[in-house]
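Here the structure is laid out as structure tokens; the discussion comes afterwards.
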Amino acid sequence: MALLPILKYPDPRLREAAKPVEKITPEILELVENMAETMYDAPGCGLAANQVGVPLRIFVIDAAAEDEPSDLKIFINPEILELDGVQVWEEGCLSFPGATEEIKRAERVKVKALDRDGKEFTLEADGLLAVAVQHENDHLNGVLMIDKLSALKKRMMSKKVEKAKAEARA
Ligand code: NI
């Protein structure tokens, strides 16, 4: 297993739409393992493959609370089937270090995807898990949380990320 470098905003690769996985090969499974390890190490509760420079439709999520056992969920070729309700969550993103913002999303989501065995599953989620599914699915379409902010908040968020990146280099 290996930790993968996470692309940071405004890397243009974060804007590319990811392509479907055609076959779940050992290389894909290794990528999924490495993505999970990278997410836990960061730490974060979700990571999309194009955040580590692989433009494929895969994301991993663990939305378990700190006092709960870990709950890794793997989504390959996900497709959102239903969105319902409204919630606002203070979101972060591993591609936006040092910045969080309140983002409005659907309260409930129904999503289908393939698991690591290539078996299709359907998941209905609310709360943080629903937020994470929507956030990570956006990544696969080249959409980032900053896109959902006002012009003023976009500038503020961009500045925070530049500051965090400069501090990480120092
Ligand atoms: Ni993100």
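With +1 assigned to the C-beta of every Lys and Arg and -1 to the C-beta of every Asp and Glu, and no other charges, what is the dipole magnitude of region 63-151 about the Cα centre in debye, to the nearest 20? Show your work: numbers first, answer last.
Working: 9 positive and 20 negative charges, 64 e Å.
Its charge dipole is roughly 300 debye.
Scanning residues 5 or more positions from Leu56 or on other chains, those with amide H under 5 Å from its amide H are Lys19, Asn50, with H placed 1.01 Å from N in the peptide plane. Phi-derived couplings, Karplus 6.51 cos²θ - 1.76 cosθ + 1.60 at θ = phi - 60°, listed residue by residue for region 32-45: 4, 4, 5, 5, 4, 4, 5, 5, 5, 5, 4, x, x, 10 Hz, with x used for Gly and Pro.
Magnitude of the charge dipole for the chain, about its Cα centre and with charges confined to Cβ atoms of Lys, Arg (+1) and Asp, Glu (-1), is about 1020 debye.
Show me 161-170, 145-154, 75-84 ranked by packing, highest mean number of other Cβ atoms within 10 Å first.
Values: 161-170: 11.8, 145-154: 13.8, 75-84: 16.7.
Result, highest mean first: 75-84, 145-154, 161-170.
Since only Val143, Gly85, Ile61 are under comparison, the one whose Cα sits farthest along the positive direction of the charge dipole of region 12-169, derived from C-beta charges on Lys, Arg, Asp and Glu, is Val143. Taking the protein heavy atoms of the chain in the context of the full set of protein chains, the accessible area attributed to carbon and sulfur is 51 percent at 1.4 Å. The charge dipole of region 3-96, taken about the Cα centre with unit charges on the Cβ atoms of Lys, Arg (+1) and Asp, Glu (-1), comes to about 580 debye, rounded to the nearest 20. Between Ala170 and Gln87, the modelled labels are 3.7 nm apart [label points 7 Å from Cα along Cα→Cβ]. Using C-alpha pairs below 8 Å separated by at least 6 residues, the relative contact order for the chain is 23 percent. For region 7-22, the Karplus equation 6.51 cos²θ - 1.76 cosθ + 1.60, evaluated at θ = phi - 60°, returns couplings of 5, 10, 3, x, 3, x, 5, 5, 8, 7, 6, 7, 9, x, 6, 8 Hz by residue, with Gly and Pro reported as x.
The values are calculated or read from the model by the stated rules, or taken from the named source; none is laboratory data. Small disclaimer: the values here were computed from a predicted structure and weren't measured. Reconstructed Cβ throughout: ideal geometry from the backbone, glycine too, with neighbour counts over all protein chains shown. SASA here: full protein model, heavy atoms, side chains in, ligands and nucleic acids out. Shrake-Rupley method; radii C 1.70, N 1.55, O 1.52, S 1.80 Å.
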